[in-house]
Every structure is written in structure tokens, then in C-alpha cells.
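Visitor: Sharing a structure, written as C-alpha cells. Questions coming.
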Amino acid sequence: MLGWVSVAAVLALPAGVTAAGSGPMQAISPPGEFDPGDPPLVRFSSDEAAVVRGPEFVRGAARSGDSLIAASRGRTCAVRGDGDVTCWGMDGARERLSVAGLANVVSVTSGDHLEVALHVCALHSDGTVSCWGPGRMGQLGGGEMHSSYLPVQVLGLSDAVALAAGSEHTCAVHANGRVSCWGSGLLGQLGHPNLTPVSSPQQVPNLSDVEKIDAGPTSSCAVHSGGGLTCWGSGGGAGNVHTFTPGRVDGLPAVVAVSTGWDRTCAVTVAGEVYCWPAADVARPERVDGVTGAVSISVGDGGVCVVHDDGGVSCWGEQNAAGQLGNGTRSPQPRPARIPGVGAAVAVTMSVGSDRIGAHTCVAHEDASYSCWGGNRAGQLGDGTSTGRPYAAAVITPAPITGDRIPRDATDLLRTWLDEVVRQREREYPWLRASWDHVRELTSAVPLDSISGIVQPVCDGPGEPSACRAESMMVSELELGTVVHELAHVYDATTGLAQRRAWGAVQLYFGIRYPDCFRDHGQRPGSEILADTLTHLVVPLASLAYFETGCPGLGDQPDREAEEVVLSGLAGEVPDWYTDNVTNGAGLWALLRRVLSPILLASLASEFGGLCSTDWVGFPPDWSLVPPAGANPFRSGGC
């Protein structure tokens, strides 16, 4: 097995700082075997960088700038010892398929945010950069404002030596010490007054001699060859708040690493000390007592962790509800404290948390193993469970994707990933299998403006309300919650996948309860709320687009009654709501007229003896033909 080496760390050592060799510490996982005949992971000409082999490594990998491991909300990605990339946690199966074709990677970085979907970028040993994930703000750098879940090469970038991803922007350091950024610049994070998003690298003016870089949610900070620090954007640098052009941070000794997070920015000095200052404030940097021998740093959710020159890791902070500080408790850790059992660390990374997903921390060890601690609801600790823990334990590294499974294109990625998702969940959620079997060959991954996915339903022609079906499913945002939401639409729109009467009662419930929510574009009233409710049952951590838009009568997630109605319909049982409120054809017709749609009629047309006539059925309905209010168009009404 090859040992670690980060090209950015090799190229970016400030004057007077030397590379450290491996120490006597033991990592949590047993070290892998190293073959001295293996080629080096990184090879540059002799005047650019030293070739580092095997267990010898360069310490000093910052959270984003030159990181072998990158944590973001609910997910962790890491560089493998052979230069490939692996990921685990939220959408981990998709991520592993996404990166299966990457090679010769020396650094990986991920944006982080409480709510925004997150992109990832990788720096290759030849100075090129690949990015994948959400891209509507241009943060992938491929020249388009679209998402891509297969890595795209950043345009015009072939000499990168350091890389950093923010929430919706990305920056890279060139070999000549200049910096280019791309993505969202709304808060100045691109380093110039142009607030318009850009989808390819744009050089930051008046910035040179940069060796390392870090990106926070809405800011960027660069470490210069002489140890100076420059920041720009919102919340990055002390005395440099909300600035659209780079400005030096005063009051610091020479620094070698920086990390900027939601609540603070911290820097490691040449002397191994740490200075921090709050975001969105003009306070001067203050030295953190009790830290010595620091070589790299990561700022997360209300906390900070550092790697020491002996391979140990220390953490401290005010937030520890998920156990992300690794002290064995979920209580704050006001002073830096060593993490028990962690040694031979070469990089540390902390994520932010959210109400649904706890923050977590991971380290890469010199033997190319990893360990993590903190929140784990999305599997981001990589131990094969969803149970969080406040202490470090080894990651079970996922097996590499074999060559025959590497996706050929975006649609192949989507279908292969959903094959795995459905296979894993079909026993608990049989409706997923029914939906996927119906729509798999009709599914494609395509760029869509303003929406994440769309299902096109069709119904039999006028006068024949016998069947409806999903004609196609197109997805642009390959997030688990998104694809489950679209599969819910497939199930909902395809008669025969569910027991018609039971599911028609579910459809009617949501239409009557939410008659005015997202009714535009010809959607059946309540259909989006129904799809979100189905999604929440399968993916409780998913961001629910429609429950979070403030529609009248909606909270931030489905209530128990709505979930019970859906569960009854999935089981083929008519919900109590329906039998309590619908007792005859006239009563059913009074409700149907309020939310009339061909899909709903296809489900309930056989009620109360069936419809007397279907000549009036069409979409959109021709109200001159539709039976009037007070009528009973069912045979129980006498025809």
C-alpha cells in the first residue's frame, strides 16, 4: 500500500518549515503493507517537489487546502492510499460510483453548509482539478450552471497546487502563487466586486505568493509564502468583514495553515500555536492557550481540532451535542484536549451539523486508514451503523468499485445507483421496487432549470379513466431525498402499483387537506405534499422541498396523521379518514369536484357501482361537461 503524500503540502511549506517524518505512534487501524517497488503517488520534476514514498509523509494538511480527508454535513470523502477516492455517509453509494473513475488524486475538499447541497472537488497530481455534485452556482468550474454527479474537469486549470471548496464556491492556488475562484460570488467569496456567479476559474486580483487556501461557507483565506494571511468574503478575516477584495489579517505571527468555519477562523503559526477570531466581527486574533506543536487545523460546528507534530489530535469548543469533540462525552470542551487513542494522524476534518444530522470529525492516518467520531445518522462515521459516538473508532473502508461498474454517463450512474438503493430498501419499502421496475428504462439524468426532477404522467384518452402511468422520470439533482420523491410521484401516478381504492383515498386526503399547495402547472392538489410525506418515511433526514416553503397549513415535516394515512394506503387498506368522511356517491362527488384530476378519477372511478358515464372525463376538465355540484354521477345515485 502506498503511504500518503499531498502535493499541495509538498509545494506549500513556508520558508523555514520542514517536512516531518513518520513518528512512533500507532493508528487505530493496523497499518497496511507497503511495497517499496510501488510507484510514488505524486511525481513532479525535481525543481517542483520531492518524491515521497511509502510511509514517509508531509504533515500539515489543512481542512480544505491540502486535505486527504474532507467532512461535510452527513458525508465524508477521503483520498485512498493508491490515489483513488472513496466516500461514505449520505448518498455514499452514489458518491463511490461517481468517483470510481478518478485516479492520481492527492487532495480532496468539500463544501459544507447547514442546508445547501454540497459539492466535492479533487486535485490530481498533474495539477488538474475535478469537481462533482450540485452546480447551479457554477461551483463545479466546468463552464455550466448545472449539476454533474460524474466528475467534470475544471476548465483551463492545469497547474493547481492547492484547492478549497466553500458552500457554493471553489478556489485553487496556481503553481505561480496566484489564485482563481469560481461559483457564487454573492458575498464576495470570489475576491472581486462582481457578484454574478461564474462557472469557470476567474483570477483573484491583487493576490500573489499564495501557497495554501481554505474556503468557508461564504469566505476564502489564503496563506502566503512568507506566512502572511489574506481573507475576503463574508466572515473570514479579522477586521476584514464583508469585503469583496482580499485584505491582510493583522495581528498574527507567520502562519502555515488556516481554516474558516461558520463561527470563527483559526490559523496555525510557524511556531505551532493556534490563533482564532470570530466570524463577522472585527476582533483581533487571539492565541489559544494550551496548544503546542500544531501543524494543521479544522474549524467545524462550534469547535476546532488540530493535528500535532507527533501525530496526535486535540479538539475543543462550545458545541458537542453529537460528540464531535471526541472527548467521550457530549459536553463542551472549553480547553484543548487530546483525543484518546488517536495517533499517527496526518489530517483532520470537522463538519457542521444540522437539526437532522449531527456534526462529526474524522482523521486520516499515515497508514492510509481513517477514524471518525460524532454524529452518525447518515452513516458519516463509516462504521456500518447509524449510531453516533463521542469517541474515535476505525472506519470500515468501502470496497472499491470494480471497472465493469464504473458509470459510462450520468444516466448510467443514476440507474446503477438506484438499483442499489432499491435493492437495499425494497424489503421495508416494497413500493420503491414497484415504482423502479415500472420506470427504470424510462429514467434519465438531465440538466433541468430550477427544478430537481420531474415525472411526466399520462392517462388514457377522454372517456377512458381506466389507467394512468408515469411516462418518464428525469432527474438533475442526484440526492437521495430527491430521487425518492420522484419515485413517489411514479407510484402515485401509475394506477395498478397500489390497490386503487386504498390509494385513491390517500390521494383524496392530501388533495382536500392541501387544496391550494403547489396547484400550478396542472399538478393535482396535494400531490407534492403526498410525495414529500412518502419521502420522509423512507429518508427521514431528507430536506423536504415542499414542507419548507411556507405553504399554508404546513409545518417543517409531515405530521403523524398524514403519515398514518399514507401507511394505510401502502398496506392496501382504506384509511379511516376516508370511511369516516365518504359514505355515498354524492358525498364522494362533492369532494372530487374540489380536486378533480384524471389520476384521482382513475383510482376511484369504480366506487359506489362505478361512474354512470365517462364521456365528460378529460384533462384539464371541461367544466361545461363535468356533472354539477350536488349531482351523484355514480351508479348508486340511480343514473
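The values are calculated or read from the model by the stated rules, or taken from the named source; none is laboratory data. Note that the structure is a prediction, hence the values are computed from the model and not measured. FYI the Cβ positions are ideal-geometry reconstructions off the backbone, even for glycines, and counts take in every protein chain you see. Only protein heavy atoms, including side chains, enter the accessible area calculation; ligands, DNA and RNA are left aside. Shrake-Rupley method; radii C 1.70, N 1.55, O 1.52, S 1.80 Å.
Visitor: So which residues in the range 70-81 are farther than 18 Å from Thr260 by Cβ and either surrounded by 24 or more Cβ atoms within 10 Å (Cβ to Cβ) or polar (S, T, N, Q) (or both), if there are any at all?
Guide: Those that are farther than 18 Å from Thr260 by Cβ and either surrounded by 24 or more Cβ atoms within 10 Å (Cβ to Cβ) or polar (S, T, N, Q) (or both): Gly74, Arg75, Thr76, Cys77, Ala78, Val79.
Visitor: Residues Gly177, Gly135, Gly127, Gly141: which one is open to solvent by less than 20 Å² (accessible area, probe 1.4 Å) and farther than 24 Å from Asn194 by Cβ?
Guide: Only one candidate qualifies: Gly127.
Visitor: If you take the residues of the range 180-209 that are more than 17 Å from Pro134 (Cα to Cα) and among the β-branched types (Val, Ile, Thr), which of them is most open to solvent (accessible area, probe 1.4 Å)?
Guide: This residue is Thr196.
Visitor: OK, next. Please find, among Ala378, Ala392, Ala364, Ala399, the residue that is open to solvent by 10 Å² or more (accessible area, probe 1.4 Å), modelled with pLDDT of 95 or more and not polar (S, T, N, Q).
Guide: Criteria check complete, one pass: Ala392.
Visitor: Looking only at residues that are open to solvent by 30 Å² or more (accessible area, probe 1.4 Å) and charged (D, E, K, R) in the range 592-620, which one is nearest to the chain's Cα centre (by Cα)?
Guide: Arg594
Visitor: Residues being in a loop (DSSP other than H, G, I, E, B), hydrophobic (A, V, I, L, M, F, W, C) and in contact with a Lys or Arg (Cβ under 7 Å, 6 or more places away or on another chain): count how many of those fall in the range 251-288.
Guide: Matching residues across the range 251-288 total 1.
Visitor: Would you check which residues across the range 270-289 are of a type in the set (Phe, Trp, Tyr), modelled with pLDDT of 95 or more and out of contact with any Leu (no Cβ under 7 Å at 6 or more places or on another chain) and list them?
Guide: None - no residue of the range 270-289 is of a type in the set (Phe, Trp, Tyr), modelled with pLDDT of 95 or more and out of contact with any Leu (no Cβ under 7 Å at 6 or more places or on another chain), so the list stays empty.
Visitor: Being surrounded by fewer than 17 Cβ atoms within 10 Å (Cβ to Cβ) and aromatic (Phe, Trp, Tyr) narrows it down to one of Trp577, Trp589, Trp623, so name that one.
Guide: Result: Trp623 is the single residue among Trp577, Trp589, Trp623 that is surrounded by fewer than 17 Cβ atoms within 10 Å (Cβ to Cβ) and aromatic (Phe, Trp, Tyr).
A quick yes/no check of all residues on (1) within 28 Å of the chain's Cα centre (by Cα); (2) modelled with pLDDT of 90 or more:
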{"position": "Leu195", "(1), (2)": "yes, no"}
{"position": "Val204", "(1), (2)": "yes, yes"}
{"position": "Asp209", "(1), (2)": "no, yes"}
{"position": "Leu229", "(1), (2)": "no, yes"}
{"position": "Val241", "(1), (2)": "yes, no"}
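Visitor: Additional query: Test Gly317 against the criterion of being under 30 Å from Gln189 (Cα atoms) and modelled with pLDDT under 95, and give yes or no.
Guide: no
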